[in-house]
Amino acid sequence: MSRAANSTFMAKAETFQRRWWHIDAAEQSVGRLAVVLANILRGKHRPDFTPHCDTGDFVVVTNVDKLVLTGDKLNSKIYQTYSGYAGGQRRVTAKQMMASHPDRVLIQAVKRMIPRTPLGRQQLTKLKVFSGPAHDHAAQQPQPFPIS
């Protein structure tokens, strides 16, 4: 029996080709969109997914300012940071964050869905988020990603 027929496939950086996807975030729920983005960035949508390699694709997300938070999350969800110094705790509601930096809401949601490792940080760099309909990556010819 051939050993190649029973061997496990492992993706290699030399033979791997990344694709560019475009997603319009208008009227999309933040959490549901973040799950889709995390899976694309990790490469879980591909048949050659390898957990310890970066097999994900690039994603360009536009119209982030039109994202939807369900329920009362606009008023009740709080983004908290702490500098480590006395009085260094900052608390911002989702409504304030969407008014000033809507891209950070989506980036934070995706960031919490990928592994907290050097590989996860590398995968997060492939996410390109824009508040309006225009983006800087037209030269890469991103294809629309079907969201079901």
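Against the condition in contact with a helix residue (DSSP H, G or I) (Cβ under 6 Å, 6 or more places away or on another chain), surrounded by 11 or more Cβ atoms within 10 Å (Cβ to Cβ), within 23 Å of R19 (Cβ to Cβ) and at pLDDT 95 or above, how does M113 come out, does it pass? Judged against the criteria, M113 is a match.
Here T70, T62, T93, T81 are screened, and the one residue that is of a type outside the set (A, V, I, L, M), touching a His at 6+ places or on another chain (Cβ under 9 Å) and more than 29 Å from T15 (Cβ to Cβ) is T62.
Taking the numbered list (1) closer than 15 Å to S148 by Cβ; (2) part of a helix (DSSP H, G or I) in turn, I23 passes all entries but (2).
Is it the case that the stretch 76-91 has a residue that's out of contact with any strand residue (DSSP E or B) (no Cβ under 7 Å at 6 or more places or on another chain) and within 20 Å of L127 (Cβ to Cβ)? Checked the stretch 76-91: no residue is out of contact with any strand residue (DSSP E or B) (no Cβ under 7 Å at 6 or more places or on another chain) and within 20 Å of L127 (Cβ to Cβ).
When you check S29 against the structure, is it hydroxyl-bearing (S, T, Y), touching a strand residue (DSSP E or B) at 6+ places or on another chain (Cβ under 6 Å), over 19 Å from T125 (Cα atoms) and exposed (fewer than 15 other Cβ atoms within 10 Å of the Cβ), yes or no?
Details: hydroxyl-bearing (S, T, Y): yes; touching a strand residue (DSSP E or B) at 6+ places or on another chain (Cβ under 6 Å): yes; over 19 Å from T125 (Cα atoms): yes; exposed (fewer than 15 other Cβ atoms within 10 Å of the Cβ): yes.
Taking the combined requirement at face value, the residue satisfies it.
Only one entry of V105, V92 meets the criterion of being over 21 Å from A26 (Cα atoms) and of a type in the set (V, I, T), and that entry is V92.
Close contacts from the stretch 56-68, counting a first residue that is in contact (Cβ under 8 Å) with a residue 40 or more places away in the chain and a second that is among the hydroxyl-bearing types (S, T, Y), with Cβ to Cβ under 7 Å and a gap of 6+ residues or different chains, come to V64/S131; D65/S131; V68/S29.
Hey, S100 hits all of (1) in contact with a strand residue (DSSP E or B) (Cβ under 6 Å, 6 or more places away or on another chain); (2) surrounded by fewer than 12 Cβ atoms within 10 Å (Cβ to Cβ) but one; which does it fall short on? Here S100 meets the rest and fails (1).
Going through R46, R18 one at a time, which residue ends up being surrounded by 16 or more Cβ atoms within 10 Å (Cβ to Cβ) and either in a loop (DSSP other than H, G, I, E, B) or at pLDDT below 95 (or both)? Quick ask: steps written out before the conclusion?
Details: R18 fails: surrounded by 16 or more Cβ atoms within 10 Å (Cβ to Cβ).
Selected residue: R46, the only one of R46, R18 that is surrounded by 16 or more Cβ atoms within 10 Å (Cβ to Cβ) and either in a loop (DSSP other than H, G, I, E, B) or at pLDDT below 95 (or both).
Based on this model, can you work out whether F130 counts as buried (at least 17 other Cβ atoms within 10 Å of the Cβ) and farther than 23 Å from K44 by Cα?
Numbers: buried (at least 17 other Cβ atoms within 10 Å of the Cβ): yes; farther than 23 Å from K44 by Cα: yes.
Answer is yes for this residue.
Condition check: in contact with a Ser or Thr (Cβ under 6 Å, 6 or more places away or on another chain) and under 27 Å from Q143 (Cα atoms). Does F58 satisfy that? It is false that F58 is in contact with a Ser or Thr (Cβ under 6 Å, 6 or more places away or on another chain) and under 27 Å from Q143 (Cα atoms).
The values are calculated or read from the model by the stated rules, or taken from the named source; none is laboratory data. Since we're looking at a predicted model, the values are computed, not measured. Every residue, glycine as well, gets a Cβ built from its backbone with ideal geometry; the counts of neighbours run over all protein chains shown.
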